[in-house]
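Notes follow the structure.
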Amino acid sequence: MGEVLITPGRGVFVLRHYLDAGVVGLAAGKGAERARAIALYDGDGRYRPLKTAPNLRRGWRLVAEGLDELQAALDGFYPAMLGARLAMQEGRLRVTPLRETLGRQSGMYAITRKITDGQADALIAARCNLETGCLKKILWEISPGVAVGSLPRDKFDVGALMPDGTRASFPMPCAEACNLLVAKAREVVKEAGNPPKP
């Protein structure tokens, strides 16, 4: 799931960064609090505001005893993603186009409504790509019938590959543009000089 490799054992699950699959002697830990602590900063000690960014630090090993502990640990790494995936599988996940998300903005974020489709597409390419942006798979469009055209198809395929070519067995769905993307949309519109609607 994301960058977390889950290896089942006898009554336990061992979690580690997927790039540490063959590494021995990793610092061991246990519990959801430890997962949250690992997910808080990247390998250079910088805060990770987006937990689904592809910059989860390496060098750790987490043991979960049973499914409940596994779920709690995964929620520590990727908050709400298990629930979103289950809702998607059950057909209950509401997908919101970008224009609808921006249409709800008020105050200093109301200006985001002025972003053009081209500006939005370029912004999404820069902020949501699998390599440096976000590991979630985009389910939304810019507006109904106007797809995001700036990213490869695997960004929208919930059965697609990770950046290194391995298959993610539990891809994370993105049903709506996040607040970080909305904040960047505000910057794009302001820099372009698009005035807000009166």
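Answer rounded, prolate or oblate for the stretch 4-79, using the Cα gyration tensor with square roots of eigenvalues a ≥ b ≥ c: rounded when a/c is under 1.5, else prolate when a/b is larger than b/c, else oblate.
The shape class here is oblate.
Just rank Arg46, Arg113, Arg186, fewest to most, by other beta-carbon atoms within 10 angstrom.
Arg46, Arg113, Arg186
With everything on Cα atoms, drop me the angle between helix 117-128 and the longest principal axis of the chain, reported from 0 to 90° to the nearest 10.
20
Tell me which label goes with the value of Rg/Rh (Cα atoms, Kirkwood Rh) computed from the coordinates here: (i) 0.95; (ii) 1.09; (iii) 1.01.
(iii)
Counting pairs of alpha carbon atoms under 8 Å apart in space and at least six apart in sequence, what relative contact order in percent does the chain give?
22
Listing Leu180, Leu130 from the residue with the fewest other Cβ atoms within 10 Å to the one with the most, what is the order?
Least crowded to most crowded, the residues run Leu180, Leu130.
Tell me the angle of helix 179-192 to the major Cα principal axis of the chain, expressed in degrees between 0 and 90 and rounded to the nearest ten.
30
Percent antiparallel among DSSP beta bridges with both residues in the stretch 4-79, to the nearest 5?
That works out to approximately 75 percent antiparallel.
Quick note: the coordinates plus some simple rules give every number you see, no bench work behind them. Worth saying up front: this structure is predicted, and the values here are computed from it rather than measured. As a convention, Cβ positions derive from the backbone with ideal geometry for all residues, glycine included, and neighbour counts pool all protein chains shown.
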